[in-house]
Amino acid sequence: HERVHATDGEVGQVEGFVMDPADHKVTHVLLQEGHLWGRRQVAIPVSAITSIDGGIRLSITKKQVGELPPLDPAG
């Protein structure tokens, strides 16, 4: 449950990872975004991660995270 930081502030916390079944490498970080009444889960591509120092740091803004499509809770 590491904190996730966009270039302009905190956007949520890590809820899990998506792995490629072929090579077992992490392809996306699952982010729980929002607050109690407006939560949603999105997948952040690992290419958007710049560091994991003091939480996960992204190369994208809060707005760009907000524009990512939510994951379908049904799978």
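The values are calculated or read from the model by the stated rules, or taken from the named source; none is laboratory data. Source: prediction; values computed, not measured. When the accessible area is computed, the model is the full protein with side chains, heavy atoms only, and any ligands, DNA or RNA have been set aside. Shrake-Rupley method; radii C 1.70, N 1.55, O 1.52, S 1.80 Å.
Karplus-based coupling profile of segment 21-32, in residue order and whole Hz: x, 6, 10, 6, 9, 5, 9, 9, 9, 7, 10, 8, with θ = phi - 60° in 6.51 cos²θ - 1.76 cosθ + 1.60 and x standing for Gly or Pro. In the chain, the portion of solvent-accessible area held by carbon and sulfur atoms comes to 56 percent [1.4 Å probe, whole percent, DNA, RNA and ligands not counted].
Given the -39500 (n - 2.57) contribution per DSSP H run of 4+ residues, what per-residue ellipticity at 222 nm results for the chain, rounded to the nearest 500 deg cm²/dmol?
Details: 1 runs with 5 residues, N = 75.
That comes out to -1500 deg cm²/dmol.
Hey, what's the chain come to in accessible area per residue, 1.4 Å probe, Å²?
On the way: 5000 Å² over 75 residues.
I get 67 Å² per residue for this part.
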